[in-house]
Amino acid sequence: MSFVQNFPCFSIVLCMASGIISTPLKGKGAKRVTLFVVSLAALLSFATLLYIIFTGAGFTYTMGRFPAPWGNELRAGLLESLLATVFSLVVLCSLLGGMDLIFTDVAEDKINLYFILVDLLLSSLLAILYTNDLFTAYVFVEINTISTCGLIMIRESGRSLIAATRYMVMSLIGSGLFLISIAMLYGVTGNLLMEYIHVEIMELAASGQYQVPLLVIISFCTVGLAIKSGLYPFHSWMPDAYGYATISSSAILSSLVSKSYIFLLIKIFYRVIGFDLIVQSKIVNVLFVFGLIGMIMGSVSAIMAKEIYRMIAYSSIAQIGYVYMGIGLATEAGMVAAVFHILMHAVTKSLLFLSAKGLNEASGRKRVYPALQGAAFRNPLAGAAFLIGSLSMVGIPTLAGFISKLLFATAAIDGSQRKLLPTLIVLAVSMILNTIYFLHTVVRIYTPVGAPEEYKDVRIHPTPGRIGALVALILMNFGLGLFSQPVTDLIRAGIEMFA
């Protein structure tokens, strides 16, 4: 076994160990440990990605001495390592971009707890990406839930506590349905490792046994993870959760947490149930419909929002609708578009939240639109970053969002004729709505006339960490837009390897 094949396990264990090491440390010590480990996790994930590209094959890593089907396994392929690399980089940029505010928004005696929660969150994200065992996936889903809830409520304001409670209630409903589906799968197949479950399900499908239980399993698993990822109409927790957490938390949660659950669902569709059975169950049609509705309703809610953070949060509802629409197309092209959109949204949403915070600081920490008038002149870097993120979400060429929408349109044309017209119509309407609420904000921040008198002479000088984070996220956005072909080729090869 090559030494590189240990890297997925190392990255997960290092993040968990970082949480333990940070426990007795003070805030600055915990910060240094977390930044080092997150950077190392990104490096290990990238090395794993390069190894798989050069060898042309994924690999499994057996945990401990117990072989399959009794032991536990990690599996690394192109999709897993690509997402792990991007997720780790986004966590690093989000921390650097909001580091100064962590030390002001969080009580001094809880700063080390904040970094412990970030360590646990990243370890759970990586484990969900890499695990080959369903029960292990569930365990880390719950670790993800607990750490996310902690990151929302750690500011200890009334609104953040309410948001955390709402998130916890919705998330536990989703987790319960997901756990029931795992228990039923184990009862039917007697296995927890994904590949062995898949073999048993193929045999059951061929013999015609357990058809109704399998449909129930698919339904519970899909609905459970859809609730956790915030698919419309299960989105009510998102605006407050993203809007009232500290800015690094908002950037991480909106960019990554929901996407990890969607990726787990894709993994189950392909590697546990089998995508042909998923298509036969018609569950993809349900996801397609709710994805389309989410694209419209999320955008309408964003237009009606009165403050910038809630607008960005409602935009996330629409973007999650895009991903589920791509899955619902039930084609390889649709899945490529969905995975690319996950990458695009991870990079762009973090950019938007970090830049919005800079605009907020230039406006007396007020979030409402009248206070933001002319804010881009008071904080030029934040204004430019928000402009680029907005243009990407609208779908302007050379940026990642344009490629994402192009992939969805192409997938619809190449797919089912029954889904072609609804997809293209909703894509067009959604792009118009995106333009309305993002460019409305851009016009506001770049209009000096009518700016509040008390903020006219304010000039914000971002910290080096925020400058580096914003520049890195902008470059990643342009990178996905200008070099999309290699990325989509990787995703396509990863799906084939995945299946």
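Once the Cα gyration tensor of the stretch 89-231 is diagonalised, what are the square roots of 5 times its eigenvalues, in whole Å and ordered largest first, as equivalent ellipsoid semi-axes?
Result for the stretch 89-231: semi-axes of 37, 16, 10 Å.
Quick one: check the C-alpha center-to-center distance for the stretch 225-301 versus the stretch 162-204, whole angstrom.
Spelled out, the Cα-based centre of one part sits 16 Å from the other.
Mind putting together the pair-distance distribution for the stretch 140-183? All Cα pairs, 10 Å bins, whole percent per bin, short to long.
It works out to 29, 48, 18, 4, in whole percents.
Compute the projected area of the convex hull of the Cα atoms of the stretch 209-256, averaged over all viewing directions, and report it in nm² to one decimal place. Don't skip to the end; give the middle numbers.
Details: hull surface 15.8 nm².
Taking a quarter of the hull surface, the average projection is 3.9 nm².
So, R0 is 60 Å and r is the distance between the beta-carbons of Ile425 and Val449; what FRET efficiency does that work out to, to 0.05?
Details: r = 37 Å, r/R0 = 0.62.
Between Ile425 and Val449 the formula returns 0.95.
Quickly work out the Ser416-to-Ser39 label distance, labels modelled 7 Å from Cα along the C-beta direction, and quote it in nm with one decimal.
The modelled label-to-label distance comes out at 4.9 nm.
How large is the convex hull of the Cα atoms of the stretch 153-223 per residue, expressed in Å³ as a whole number?
In the stretch 153-223, the Cα hull volume divided by residue count equals 87 Å³.
To check my understanding: the extent here is largest minus smallest coordinate of the Cα atoms along each principal axis. What are those three numbers for the stretch 25-181, in Å, largest first?
That works out to 48, 36, 25 Å along the principal axes.
Using a probe of 1.4 angstrom, how much of the accessible area of the chain is carbon and sulfur, in percent?
Numbers: 12430 of 17840 Å².
Percent of accessible area from carbon and sulfur atoms in the chain: 70.
Please list, in chain and number order, the residues 5+ apart from Tyr61 or on another chain whose amide H is under 5 Å from its amide H, with Hs placed from the backbone.
Leu74, Arg75, Ala76
Take the Cα atoms of the stretch 370-411, find their three principal axes, and give me the spread along each one in whole Å, biggest first.
42, 19, 9
So what is the relative contact order for the chain, in percent, with contacts set as C-alpha pairs under 8 Å and at least six apart?
15
How much length, in nm to one decimal, is gained on full extension between Ser207 and Met304, taken as 0.36 nm per residue of separation minus their Cα-Cα distance?
29.7 nm
Go through 334-347, 136-149 and give me the packing order, highest mean Cβ count within 10 Å leading.
Packing proxy ranking, top to bottom: 334-347, 136-149.
How large is the accessible surface per residue of the chain, computed with a 1.4 Å probe and reported in Å² as a whole number?
For the chain, the solvent-accessible area averages 36 Å² per residue.
Let me make sure I get this right: for the stretch 302-441, a, b and c are the square roots of the gyration tensor eigenvalues over alpha carbons, sorted descending. Under 1.5 in a/c it's rounded, otherwise prolate if a/b > b/c, else oblate. Which is it?
It comes out prolate by the Cα gyration axes.
May I ask you to evaluate 6.51 cos²θ - 1.76 cosθ + 1.60, the Karplus curve with θ = phi - 60°, for each residue of the stretch 485-490 and list the ³J(HN,Hα) values in order in whole Hz, giving x for glycine and proline?
Per-residue couplings from phi come out as 4, x, 5, 5, 4, 4 Hz.
Efficiency by 1/(1 + (r/R0)^6): what FRET value for Ile180 and Arg32, r their Cβ-Cβ distance, R0 = 35 Å, to the nearest 0.05?
0.25
Rounded, prolate or oblate, given the Cα gyration tensor of the stretch 3-105, with a/c below 1.5 counting as rounded?
Oblate is the answer for the stretch 3-105, as a/c is 1.5 or above yet b/c matches or exceeds a/b.
Let's test the formula: R0 of 30 Å, r as the Cβ-Cβ distance of Met63 and Asp276. What FRET efficiency results, to the nearest 0.05?
E between Met63 and Asp276, to the nearest 0.05, is 0.50.
Give the span of the chain's Cα atoms along each principal axis, as three whole-Å numbers ordered largest to smallest.
For the chain, the Cα extents along the three principal axes come out at 75, 57, 43 Å.
Rounded, prolate or oblate for the stretch 264-340? Axes are the square roots of the Cα gyration tensor eigenvalues, ordered a ≥ b ≥ c, and the cut-off for rounded is a/c under 1.5.
prolate
Treat each spin label as a single point 7 Å out from the Cα along the C-beta direction, and report the Glu108 to Leu161 distance in nm.
Here the answer is 2.3 nm between the modelled labels.
The values are calculated or read from the model by the stated rules, or taken from the named source; none is laboratory data. It should be emphasised that the depicted structure is a prediction, and the values quoted were computed from it without experimental measurement. Note that we place each Cβ from the backbone using ideal geometry, even for glycine, and neighbour counts take in every protein chain shown. Surface areas here come from the heavy atoms of the whole protein model, side chains and all, with no ligands, DNA or RNA. Shrake-Rupley method; radii C 1.70, N 1.55, O 1.52, S 1.80 Å.
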